[in-house]
Amino acid sequence: MVYFVGAGCGAADLITVRGMRLMEKADVIIYAGSLVNPELLEYAKKECEIYNSAKMTLEEVIGVIEKAEKRGAVTVRLHTGDPSIYGAVREQMDRLEKLGIAYESCPGVSACFGAAASLNLEYTLPGISQSLIITRMAGKTDVPEKESIESFAAHQASMAIYLSAGMLEELSERLVAGGYEKETPAAIVYKATWQEEEAYLCTIETLAAVARKHNITKTAIVLVGEALAGRHYERSKLYDPDFATEFRPRRCTP
């Protein structure tokens with residue numbers, strides 16, 4: 001059996017309880033060594049075989065899993081953040097299906113949520129934004145033209161932009177071209193929730209300068225949107241005394 005487990009975005013205690021228990025019973029762990037906190041490997045039992053996938057190809061990863069399956073071992077494929085976001089898991093799952101190997105997924109905390117926690121943000125402030133767009137700039141992996149930064153910026157929603165810390169000048173230009181004002185709040189968070197985390201609030205216009213000042217070129221997420229400022233939002237109806245819910249009657253205010 002193979003379990004695709006989300007390691008979380010950094011801090012070792014941000015893995016889910018389910019993910020931790022799967023690691024504790026694993027006979028084989030294949031982890032994304034370039035991004036996963038190595039402290040998580042302390043959950044593995046002493047006899048567990050551990051492989052760093054940063055040094056492996058897809059074929060080598062599947063080969064290790066196939067050998068483990070033949071001897072009835074439990075394999076954990078440990079991915080950074082949540083496997084469903086930029087995890088390259090579908091291609092692995094397709095190979096496993098062809099081999100008749102069963103698998104399951106265990107979610108994890110993605111970087112956009114770790115970064116929000118570090119900055120005490122709410123992405124979905126009433127009257128400001130009720131959507132969070134998760135995207136990236138094109139790099140080694142292309143981005144479909146219909147998913148351009150400009151097209152998403154036109155929505156004026158909250159945005160979490162992955163894998164783009166080395167292209168911040170271009171990113172800022174494209175965000176503004178899409179419709180954001182230069183003064184729109186932004187943030188860059190380096191290694192969210194790791195001990196060495198650095199988080200800086202700025203604006204779209206100053207993103208690149210802030211990153212240069214602090215020597216941030218990779219392993220960082222960019223956040224954009226008015227919700228980052230935490231101002232001018234409407235009160236939530238959820239706790240409004242003038243709003244009735246299934247569990248609470250309306251309480252008229254004078």
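The values are calculated or read from the model by the stated rules, or taken from the named source; none is laboratory data. None of these values were measured; they are calculated from a predicted model. No Cβ is skipped: glycine too gets one built from the backbone with ideal geometry, and neighbour counts run over all protein chains shown. Side chains are part of the model used for accessible areas, which takes the heavy atoms of the whole protein and leaves out ligands, DNA and RNA. Shrake-Rupley method; radii C 1.70, N 1.55, O 1.52, S 1.80 Å.
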May I ask you to verify whether SER105 is in contact (Cβ under 8 Å) with a residue 60 or more places away in the chain and surrounded by 16 or more Cβ atoms within 10 Å (Cβ to Cβ)?
-> yes
Across segment 62-102, the tally of residues that are open to solvent by 50 Å² or more (accessible area, probe 1.4 Å) and either small (Gly, Ala, Ser) or not in a helix (DSSP H, G or I) (or both) stands at 7
Flagged in segment 1-43 as of a type outside the set (A, V, I, L, M) and under 15 Å from PRO107 (Cβ atoms), in numbering order, are TYR3, PHE4, GLY6, GLY8, CYS9, THR16, ARG18, GLY19, ARG21
Among the strands (runs of 3 or more DSSP E) confined wholly to segment 168-254, which include 1 or more residues that are at pLDDT 95 or above and buried (at least 21 other Cβ atoms within 10 Å of the Cβ)?
-> 185-190, 220-224
Looking only at segment 124-136, and only at residues there that are over 12 Å from TYR86 (Cβ atoms) and among the aliphatic types (A, V, I, L, M), the one that is surrounded by the fewest Cβ atoms within 10 Å (Cβ to Cβ) | LEU132
Hey, can you tell me all the residues within segment 138-167 that are farther than 21 Å from ILE216 by Cα, assigned to a helix (DSSP H, G or I), open to solvent by 20 Å² or more (accessible area, probe 1.4 Å) and not aromatic (Phe, Trp, Tyr)?
-> GLU145, LYS146, GLU147, GLU150, SER151
Give segment 23-43 a look and list any residue that's outside any strand (DSSP E or B), of a type outside the set (S, T, N, Q), open to solvent by 20 Å² or more (accessible area, probe 1.4 Å) and within 27 Å of THR193 (Cα to Cα), or say none.
-> GLU24, LYS25, GLY33, LEU35, PRO38, GLU39, LEU41, GLU42, TYR43
With the checklist (1) under 26 Å from ALA220 (Cα atoms); (2) free of Cβ contacts under 8 Å to residues at least 40 places away in the same chain in hand, flag the one item HIS79 doesn't pass.
-> (2)
Of those in segment 45-61 that are of a type in the set (S, T, N, Q) and surrounded by 12 or more Cβ atoms within 10 Å (Cβ to Cβ), the residue nearest to ALA88 (Cα to Cα) is SER53
State yes or no: is VAL5 in contact (Cβ under 8 Å) with a residue 40 or more places away in the chain, within 14 Å of the chain's Cα centre (by Cα), more than 23 Å from GLU196 (Cα to Cα) and not in a loop (DSSP other than H, G, I, E, B)?
-> yes
Can you pull out the residues in segment 108-117 that are crowded, with 21+ Cβ neighbours inside 10 Å and part of a helix (DSSP H, G or I)?
-> ALA111, CYS112, PHE113, GLY114, ALA115, ALA116
